[in-house]
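The values are calculated or read from the model by the stated rules, or taken from the named source; none is laboratory data. A quick note: this is a predicted structure, and the numbers were derived from the prediction, not measured. With ideal geometry, Cβ positions are generated from the backbone for all residues, glycine too; neighbour counts draw on all protein chains shown. We work out accessible area using only protein heavy atoms, side chains counted, and drop any ligands, DNA or RNA first. Shrake-Rupley method; radii C 1.70, N 1.55, O 1.52, S 1.80 Å.
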Amino acid sequence: MKKLKKWIRKDSAAAWIFLVPSGVGFALFYLIPFAIGVFYSFMDSTVDSQFVGLDNYRELLASGSFRKASSNTFYFSVVSVPLILALSLGLAMLLNTNIYLRKWLRTAYVLPLVVPVASIILIWQMLFDWNGSLNAWLSGNGFERVDWMKTDAARNVIIVVYLWKNIGYNVILFLAGLQQIPRDYYETAQIEGAGRLRQFSSITIVYLTSTMFFVVIMSIINSFKVFRETYLIAGDYPHDSIYMMQHYMNNMFTSLNIQKLTAAATLMVGCILLIVMGLFALERRYRQFME
């Protein structure tokens with residue numbers, strides 16, 4: 001009893017007491033369902049199931065629709081993540097200076113985070129429709145109309161929507177990181193004759209390493225979550241260029257093909273884990289190099 005009271009008085013005990021409810025909720029609604037999904041991915045059915053090994057994964061990899069969905073998702077992440085990283089860092093550096101209407105601009109970039117996507121998606125549909133505002137502007141200025149959502153241009157539309165929705169969050173993170181860098185470093189560099197590019201590479205990038213690492217991980221995760229916006233704009237079966245992994249899994253769920261659904265989800269989670277682990281290793285090596 002005395003040992004129990006002594007343990008409760010420790011800070012670690014208080015931390016565990018606060019973490020247990022969240023841990024139970026995470027296990028109940030995320031970890032356990034995912035484990036069950038992985039289990040079903042090795043079975044031939046959810047009722048009277050039999051173990052079939054990797055047959056579901058072989059069938060999945062042989063599927064043309066799955067290969068198309070995975071390649072589109074990979075392309076989207078490869079293009080959108082570096083783009084949002086560069087834009088958000090540039091905007092954060094701009095907002096970190098004494099520019100006109102700085103506070104209002106900061107608020108404007110945060111607004112997409114608090115506005116529900118479902119409530120704003122109608123505006124995006126009106127903007128990129130064949131008879132929408134953007135085509136009306138193009139036609140009025142002598143350009144040809146573009147069928148944005150039924151051609152390869154749909155990929156660009158989804159990238160723009162992704163940037164609009166997520167750039168504000170990254171800007172906030174970069175602003176917090178920039179404000180932690182002492183101004184004395186930049187003043188010393190200016191006195192020693194270092195230019196803006198030298199200051200950016202030797203001071204800004206070095207002291208933003210941890211922030212940039214977190215931003216990259218969150219951007220990659222958010223790029224895999226773009227299905228919501230794509231689904232609301234283009235529906236169940238969009239143009240081939242924006243047919244993502246989540247579209248494939250949603251269609252498998254609609255047809256109650258649980259085996260392909262769980263196998264696809266397991267592969268996607270495995271890919272995300274590999275990317276994150278690779279980034280952790282890269283960040284660790286970079287830290288050792290800088291030290």
The set of residues whose placed amide H lies less than 5 Å from the amide H of Met43, leaving out same-chain residues fewer than 5 positions away, is Val52
Quick numbers on the range 126-256, Rg and Dmax over C-alpha atoms in Å, give 21.2, 67
Here, the chain modelled as identical Cα point scatterers in vacuum has Debye log10 I(q)/I(0) at q = 0.09 Å⁻¹ of -0.64
Of the DSSP H helices in the chain, the ones reaching 30 Å or more along their long axis in Cα terms and averaging at least 0.0 in Kyte-Doolittle hydropathy are 64-95, 153-178, 258-290
With all protein chains present, the chain has a carbon and sulfur share of its accessible area (1.4 Å probe) in percent of 66 percent
Answer in debye to the nearest 20: the dipole magnitude of the chain about its Cα centre, from +1 Lys/Arg and -1 Asp/Glu charges placed on Cβ, is 1300 debye
In deg cm²/dmol, rounded to the nearest 500, the helical mean residue ellipticity at 222 nm of the chain, built from -39500 (n - 2.57) for every DSSP H run of length 4 or more, is -23000 deg cm²/dmol
Probe 1.4 Å, heavy atoms of protein chains only: per residue, the accessible area of the range 36-78 in Å² is 60 Å²
